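Only one structure is covered here, and it is reproduced in the block below.
The values are calculated or read from the model by the stated rules, or taken from the named source; none is laboratory data. Values in this document were obtained by computation on a predicted structure and should not be read as measured data. Neighbour counts run over all protein chains shown; Cβ positions are idealised from the backbone, glycine included. Heavy atoms of the whole protein, side chains included, go into the accessibility calculation; ligands, DNA and RNA do not. Shrake-Rupley method; radii C 1.70, N 1.55, O 1.52, S 1.80 Å.
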Amino acid sequence: MVTAKMAASIVEHGEDAFRKLFKFYKRRSPPPDFSEVINFSKPCNDKVFTCELNATPISDEDVSKAGLRPVKDWKAFGLHGYPGFIFISNPFLPGSQQYWVKQCLKIYPQKPNVCNLDMHMSSVETENIWERSIGVIQRKGSGKREPKTLLEKLRWVTLGYHYDWNSKTYSPEHYTPFPKELHSLSHKVAAACGFHGFNAEAGILNYYRSDSSLGIHVDESELDHTRPLLSYSFGQTSVFLLGGTKREDRPTAMFMHSGDIMVMSGPSRLLYHAVPCIVPAPAENVLPPCLAQRQEAEAQDDDIIQSVSAEDWEVCSWYLQTSRVNVTVRQVLGSGQDFPSTQASHSSSCEDSEEETQKNKKRKTKSGYEGILCIFRHDNV
């Protein structure tokens, strides 16, 4: 097995340290050594330090409605050399992750939200992805061989201001109401991290299968970079690489477990990052234990978190045995800020459209989706 120290020696003298480490963790044969990957659930790395969050503005009752533990009980960490980066190790109450997983798989892919399947299928065909998939998934759960469902082909969904993968911009014309419950969750998390008045305006959900990865990139399309980027992880564990302001800067590797939240703000808001791999689940514990927990208290009518039916969770848990869902939430506009004029945006888009269209056609995969313009990769295509 190639060790992490060997990988470090490889990248030390290389021109593109990020790319080499990305390929190291992405490789399957020989499998990578994860011993140098930071595990925030058992922090014992010199780079890691404890963060103090501000629990004052948010009551315990308020955060519990969103399925979160009292802020004073959150385990939050920072990384030396990465000011503005905050890692919160699973602050969710037992059983509450199930609600957010169900929203990501059953509710958020619904119209009028946009998904990768819309790029090559009609809106009629991509309506009710959940309903069109559950029957086949239930048969698969009983051991029958069946073709891939639409749910299994899902790679991304956009919410609120829908990101345009071609022009890499947002526009006021391409907008649908942002989910209130996700806005409320994000508002609370941002406030605990010192960002009061955070307004969740856009969301991107990435659906990772066991052989998926997310290429090296930086999230810079939002018009206001003073607001943080929030990232929620559910399902299987992934390796996350956090780099620097230059694409070739050597990154730091860390695990993202189910329920973990990352906040990228300040100097860390515009750092390059990537997800090279999903870590294979142990054979004896296919589903992360935190996802097998049930809610300890009965949900109240005014709670965001509502109980998930046994039928719905059967489908969700089957899906998550080999998958991960990541939700990133952004504020696109600053207070009082407007989008640039439509004419200017359209002109810029038109200049690049023909070239981008040709590039995108070349990038289209056999399974029919363009993988977030080749940022989001799926090996088995």
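Given a Förster distance of 22 Å, report the FRET efficiency between LEU223 and LYS111 from their Cβ-Cβ distance, rounded to the nearest 0.05.
Once rounded, the FRET efficiency stands at 0.25.
Which shape class, rounded, prolate or oblate, goes with segment 224-346 when its Cα gyration tensor gives a ≥ b ≥ c as root eigenvalues, a/c under 1.5 marks rounded, and past that a/b bigger than b/c marks prolate?
Verdict is oblate for segment 224-346.
Roughly how many percent of the accessible protein surface of segment 36-153 is carbon and sulfur, given a 1.4 Å probe and a whole-percent answer?
Summing carbon and sulfur atoms, their accessible area is 48 percent of the total for segment 36-153.
Could you calculate the contour length gain from ASN166 to PHE34, that is, 0.36 nm times the residue separation minus the distance between their Cα atoms, to one decimal place in nm?
Residue separation times 0.36 nm, minus the Cα-Cα distance, leaves 44.0 nm.
Would you mind checking LYS65/LYS188; LYS106/LYS168; LYS26/LYS106; LYS111/LYS153; LYS65/LYS180 for any pair whose Cα atoms are more than 18 angstrom apart?
Cα-Cα > 18 Å for LYS106/LYS168; LYS26/LYS106; rest within.
With label points built 7 Å along Cα→Cβ from the Cα atoms of LYS180 and VAL286, find their separation and express it in nm.
Using points 7 Å along Cα→Cβ, the separation is 3.8 nm.
Test of understanding: what is the full-extension gain from ALA310 to GLN337, defined as 0.36 nm times their sequence separation minus their Cα-Cα distance?
Additional length available on full extension: 5.3 nm.
Relative contact order (percent) for segment 66-132, with alpha-carbon contacts under 8 angstrom and 6 or more residues of separation?
Relative contact order here is 24 percent.
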